[in-house]
1. For the chain, modelled as a Gaussian network with Cα springs under 10 Å, which listed residue fluctuates most, PRO223, PRO264, PRO166?
2. Where both partners of a DSSP beta bridge lie in the chain, what percent of those bridges are antiparallel, to the nearest 5?
3. About the Cα centre, and with charges only on the beta carbon of Lys, Arg (+1) and Asp, Glu (-1), how big is the dipole of segment 1-125? Nearest 20 debye, please.
4. Between GLN364 and THR343, what FRET efficiency comes out of the Förster formula 1/(1 + (r/R0)^6) with R0 = 35 Å and r the beta carbon distance, rounded to 0.05?
5. Over segment 181-284, what is the relative contact order in whole percent, taking alpha-carbon pairs under 8 Å and six or more residues apart?
6. Taking neighbour Cβ counts within 10 Å as the exposure measure, how do TYR221, TYR349, TYR265 sort from fewest upward?
7. Show me, for segment 22-31, the HN-Hα J-couplings you get by feeding each phi into the Karplus relation (A = 6.51, B = -1.76, C = 1.60, θ = phi - 60°), rounded to Hz, glycine and proline as x.
8. Given C-alpha coordinates of segment 375-431, what is the ratio Rg to Rh with the Kirkwood estimate of Rh?
Amino acid sequence: MRPMTSEEHFDAIIIGAGASGLGAAYTLAKYGFNVLVIERGERVGSKNVFGGRIYSHVFEKVIDGFNREAPIERWVRKERLTLMDDNDALTLELSVGNDEYRNSFTAYLSKFLRWLSKKAEENGAFILTGTKVDKVLIENNKVSGVLAGGDVFKADVVIDAEGVNPILARDLGFRDDWKPHEVAIGVKEVIKLPKEVIEDRLNLGDDEGVAQLFIGYPTKYLPGGGFLYTNKDSVTIGVVVRLEHAIRNRLPVYDIVEIFKRHPYVHSLLKGGSVIEYSAHLVPEVPMGNLDQLYGDGFLIVGDAAGFVLNTGIIIRGVDLAFWSGVLAAETVKKAHDEGKYTKEALSYYESLLRNSFIIKELQAYNKANAVLNNNTIYNNYVKSILGFVKDIYTVDDNVKKMLGTMLNSLHRNNLTLVTAMKDLITVLLNL
């Protein structure tokens, strides 16, 4: 790779080497653009945090040989949903028997992003690590470059992929700080366990992975949930809880994973393991309301900075949405380059691409999900009612247990009625 100087003028500068930034870099470099990615971490991926699961469809569309080359830990072929109270757990499982099923996989994001950065570099992108962007430069009311590490770097367009804490976008007036009701806080640990132990305890084949969602006890019955993902020789476990509820209820967020691990069900899965990683980060729960705030003269915003995370109540997706938003930003830059202008009007093509993409279509499809998922009753009263009902049905004693009566008794014990339950079920089905 030829040497790079701060005096060089780039076609595009990308702030951040996360999934969105590398999606933009890979695509632009493939088109032959002179691209600089500036990453504040000492290594690509060292500052990135996520749960542990990635959906594969966009990567397979963009990167040739993705399934063969990517650093995939396990393909997820078992989906589990677990309701928990303080002592008991009820699990529903989907087991996919097709060995060719490759909908999602587990990965270490640091390894995955380093691999992705190499793919971008193979196309010709420059990636500068260990350098913080201090300021986005404005000339003649247009973004003209950045000040980073004491050097000035100029470009036709700057793509902001700085992640969930978009300081630069905020300083430019493109967005405000996240509010407590707009984000959740996620805390996770990676537990080292022998490969054979993982597969035995979680009933997995050699190439199989499991993604397990836990509702109720992990968040102390507040909106959010616990998760578990299997890697080859480790298990990622964590808890995500809505920030406003954590603050209001003074939840011990940084200890919550340890509390979760002490549950009898979880303890039996992880006993004997050792913690090799701990991390915490914010997770966007609400995307930016106005798409026209995601671009300006010489400037585009992608990924977590734009709030492109989807929570359907069953799955949380972020990496694939971030990567695809970077690809769409790159397509926008290519069109602007062909037209010879990088005005806000020219870059509005980004909004058009977003509106026609699965990103906005899915976010809009679940636009009422946030209100439903913020209903504390789901995580508390209903979890306890369902667990109580099932446990009562399976308990043999001197009492006669008919299904309807047992269900009504469990609902009443948790301050619910059948009418309320039916209304809430309809609301969930209509909005999730």
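Read-outs: derived from the displayed coordinates by stated rules, not from any lab. Values in this document were obtained by computation on a predicted structure and should not be read as measured data. Here the Cβ positions follow ideal geometry from the backbone for every residue, glycine too, while neighbour counts run over all protein chains shown.
1. PRO264
2. On the way: 56 of 81 bridges.
Antiparallel: roughly 70 percent of the beta bridges in the chain.
3. On the way: 17 positive and 18 negative charges, 56 e Å.
Dipole size: approximately 260 debye.
4. Working: r = 27 Å, r/R0 = 0.78.
With R0 = 35 Å, the Cβ-Cβ based efficiency is 0.80.
5. Values: 190 pairs, mean separation 44.3, N = 104.
With pairs under 8 Å counted, the relative contact order is 43 percent.
6. Working: TYR221 22, TYR349 19, TYR265 15.
So the residues, fewest neighbours to most, are TYR265, TYR349, TYR221.
7. Once θ is set to phi - 60°, the couplings for segment 22-31 become 6, x, 5, 5, 4, 5, 5, 5, 4, 7 Hz.
8. Working: Rg = 12.1 Å, Rh = 11.9 Å.
Ratio of gyration radius to Kirkwood radius for segment 375-431: 1.02.
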